[in-house]
Amino acid sequence: MILKNFIEYYEIFVAVFSSAYILFYMLLAVLSYYAIKKHLNAKYFIHDDVLLKSNYIPGVSVIAPAFNEGANVVYNVKSLLSLNYPKYEVVLVNDGSTDDTLEKLIKEFELVKIDFFYQEKIPTKTVRGHYKSTNPVYSKLLVVDKENGKSKADASNAGINSSKHPLFLCTDVDCILKNDTIIKLAKPFIESKKRVIATGAGIRISNSCEVKEGFLVKIRFPKGWYPRFQELEYVRAFLFGRMAWSQLNSLLLVSGGLGMFDKEIAVKAGGYWHKSLGEDMELITRMRKYMYDNKLDFSVKYIPESLCWTEVPGNREILIRQRVRWARGLIQTLNLHKDMFFNPKYGRTGFLIFPYFFAFEFLVPILEAIGFITLIISFFYLNINYESFLYLTIAVYLFYLNLTIISILLDEILYKHYSSVKEILILIMTAIIEPIFYHPINVYASLKGYYHFFRQKEQAWGNMQRQGFNTQNDN
């Protein structure tokens, strides 16, 4: 009797929760459409080439941490040095590499160790030296050599300390950026009436793309199943969800692979937290918190354009490893800043963003696991009506599928990343089977991440085992 009552109450809770989930995402869909339309209309008011010629354009430091990247680091740096922006520098942080990363940089770019006034505004592992090129062609390059900090956050902080410009763009050294990435991300800082503290943009998958000497030669559709599933995720998240949050000025996550920040605010907020497994989300949270604490008006912007290509996990093992880290980073951030929950001092961050991430990001995998166990128990021990459960499942599935298909078609209409109708149809077919074959893996990884967090297992990034541009065409 107790079990039956529990299941009945659980069914009611899930029905209400699912309805709220669908209604909320319908609201996000409307906001996303409005934000994209607003962006497309606004981008024609002031052309990028006009801003590039302005005397008041802000300087930008491109910060790229590197650990054991000897195989491709030279090509990657040349790619970063080719970006179209008049006032920027590339700060490559060699995070205690044990391979020939530093030696290759010194040889290729004619680097020499220099006297450098290094002010440690954010504490990091020991910085061993700074290198500049004797060749004027590479005058924009600064290489920072430091002891390994066991996290991207520590290396990024050393880059921030070494940078000279008021804005910094943090990326991964193996990411491929579009030529106009800096101006696209810097534009909101220039045009906005409010103080913009961070901007982000769309990231796409480089698996199967043709890359030569650090430059993207041809965009190709992912061949492997896991990259295809992640292609769906990226389209939904970067084009659809984050545009809506940007419209609400409630963006909490700017990707670690591509994000531009106001250096002054980032430093005052304490920089990246070196113990975080979700350092990108945690930094935005602390920057927002700092602005609220000091009663300063601000905004975090998102651009619905793909400006960066990066390699994603190509198999289940590496994918799970990545998603476990993401799940731990989520709960770690929510727990660290739990004082923001429903705190009037923190406005929509406390009353909207944090409750959303807790309910619809953190709780959902737990509820799904409980629901699965409940379903099995009910099947064997209780004679209940599965009709309502079936209707609810179909409704959620169809809503998800419609959302995904709209995202795919909207992305294709706006940016035309796919070379044929066949690729679009393959992606739609992938969306149809995603909840059955791919989603359970993410649920498992999330639960594993939560378990590791509560058991206080050693926190580490783990090896993502990137295949690199020389071999990734197989995925």
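The values are calculated or read from the model by the stated rules, or taken from the named source; none is laboratory data. Given the structure is predicted, the values throughout are model-derived calculations rather than measurements. Cβ sites come from the backbone with ideal geometry, for glycine too, and all protein chains shown count toward neighbours. Areas reflect the complete protein model, heavy atoms only, side chains present, ligands, DNA and RNA absent. Shrake-Rupley method; radii C 1.70, N 1.55, O 1.52, S 1.80 Å.
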Pairs under 6 Å by beta carbon, first residue farther than 22 Å from residue 157 by Cα and in contact (Cβ under 8 Å) with a residue 24 or more places away in the chain in region 115-140, partner among the hydrophobic types (A, V, I, L, M, F, W, C) and open to solvent by 40 Å² or more (accessible area, probe 1.4 Å), six or more apart or different chains?
-> 134/112
Total residues in region 404-421, condition of a type in the set (A, V, I, L, M), open to solvent by 30 Å² or more (accessible area, probe 1.4 Å) and either touching a residue at least 40 places away in the same chain (Cβ under 8 Å) or touching a helix residue (DSSP H, G or I) at 6+ places or on another chain (Cβ under 9 Å) (or both) | 5
What number of residues within region 105-129 are outside any loop (DSSP other than H, G, I, E, B), under 29 Å from the mean Cα position of the chain (by Cα) and more than 19 Å from residue 82 (Cα to Cα)?
-> 1
Name the residue, out of 264, 233, that is acidic (Asp, Glu) and over 23 Å from residue 174 (Cα atoms).
-> 264
When you scan region 10-38, how many residues do you find that are β-branched (Val, Ile, Thr), open to solvent by 70 Å² or more (accessible area, probe 1.4 Å) and within 17 Å of residue 366 (Cα to Cα)?
-> 2
List every residue pair whose Cβ atoms sit under 6 Å apart, with the two residues 6 or more apart in sequence or on different chains, where the first one lies in region 68-89 and is more than 19 Å from residue 48 (Cα to Cα) and part of a helix (DSSP H, G or I) and the second, anywhere, is polar (S, T, N, Q) and open to solvent by less than 50 Å² (accessible area, probe 1.4 Å).
-> 73/101
Among the residues of region 90-104, write down those that are part of a helix (DSSP H, G or I) and open to solvent by 60 Å² or more (accessible area, probe 1.4 Å).
-> 103, 104
Out of (1) closer than 22 Å to residue 130 by Cα; (2) open to solvent by less than 50 Å² (accessible area, probe 1.4 Å); (3) not in a strand (DSSP E or B), what's the single condition that is false for residue 64?
-> (3)
Just one of (1) open to solvent by 10 Å² or more (accessible area, probe 1.4 Å); (2) under 24 Å from residue 314 (Cβ atoms) trips up residue 222, so point out which.
-> (1)
In this structure, is residue 186 over 21 Å from residue 71 (Cβ atoms) and either β-branched (Val, Ile, Thr) or buried (at least 22 other Cβ atoms within 10 Å of the Cβ) (or both)?
-> yes
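Yes or no: residue 424 in contact with an Asp or Glu (Cβ under 8 Å, 6 or more places away or on another chain), free of Cβ contacts under 8 Å to residues at least 60 places away in the same chain and aliphatic (A, V, I, L, M)?
yes
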Which of the residues spanning region 19-46 are modelled with pLDDT of 80 or more, more than 18 Å from residue 406 (Cα to Cα) and among the polar types (S, T, N, Q)?
-> 19
Hey, among 354, 342, 380, which residue is open to solvent by 50 Å² or more (accessible area, probe 1.4 Å), over 22 Å from residue 230 (Cβ atoms) and at pLDDT 95 or above?
-> 342
Within region 180-189, is even one residue in contact with a helix residue (DSSP H, G or I) (Cβ under 8 Å, 6 or more places away or on another chain) and either in a loop (DSSP other than H, G, I, E, B) or under 23 Å from residue 322 (Cβ atoms) (or both)?
-> yes
Applying the selection to region 148-179, what residues are among the hydroxyl-bearing types (Ser, Thr, Tyr) and in a loop (DSSP other than H, G, I, E, B)?
-> 151, 163
Residues within region 327-339 that are surrounded by 16 or more Cβ atoms within 10 Å (Cβ to Cβ) and assigned to a helix (DSSP H, G or I), tallied = 8
Is region 297-315 home to any residue that is free of Cβ contacts under 8 Å to residues at least 60 places away in the same chain and open to solvent by 20 Å² or more (accessible area, probe 1.4 Å)?
-> no
